[in-house]
């Protein structure tokens, strides 16, 4: 039995010694990213305004739709885990001081018309966003003011940002402030 224990002990020592070797060369240093505002971590996101969007009508589905490919409007890399927020331009509103301001509404957005109800909705992948106008009546008679020459702002943000309870995502100004983006930082593209 002593011989057996000696052999097992020698094998264990040999195994432990054989697993060690010289230390390899050190790896490369990582690249430094850009610092956020005031030294805080920055939120990687982008806002794109797309003007001149025209919807096409599908008779069989009784629905209006348009597809916006991200590669056509930005070179920003959109990941599958990103949230894509879409806002529709509603027009100008008059302010108390006599000036005007742009009014934006987050999609989904509903309108109650004499003929029935319509709703702007969207579906997205990490490659594109498809916008729809759905309704509960014959949409072929829909006023072109809803389908032609529309403007949208598309906001690309990590899902963690979109799930933050501190940010009111329905208000585009709150989203822009949280991203640190002002009007001059919005990339604009006219499809017409």
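Here, each number is a calculation from the coordinates, and none is a lab measurement. In this text, all values refer to a predicted model and were calculated from it rather than measured experimentally. Note that we place each Cβ from the backbone using ideal geometry, even for glycine, and neighbour counts take in every protein chain shown.
Data overview
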quantity	calculated
Packing-based exposure ordering (other Cβ within 10 Å, fewest first) of 99, 110	99, 110
The range 153-192 residues near the modelled residue 96 label - backbone nitrogen below 17 Å, point 7 Å along Cα→Cβ	none
Relative contact order (%) - criterion: Cα under 8 Å, at least six apart; region: the range 43-190	39
Residue-span extension gain [residue 166 to residue 59] - 0.36 nm each, minus C-alpha spacing	34.3 nm
Computed lengthening from residue 191 to residue 67, 0.36 nm per intervening residue step minus Cα-Cα distance	43.5 nm
Diffusion constant of the range 43-190 at 10 °C, which comes from Stokes-Einstein with the Kirkwood Cα-pair radius and 1.306 mPa s, µm²/s	97
Order of 132, 146 - criterion: other Cβ atoms within 10 Å of each residue's Cβ, fewest first	146, 132
Mean Cβ count within 10 Å, highest first, over the residues of peptides 178-189, 63-74	63-74, 178-189
Point-to-point label distance, residue 174-residue 76, nm (Cα→Cβ direction, 7 Å offset)	1.9
Neighbour-count order for 141, 8, 118, 107, fewest beta carbons within 10 angstrom listed first	141, 8, 107, 118
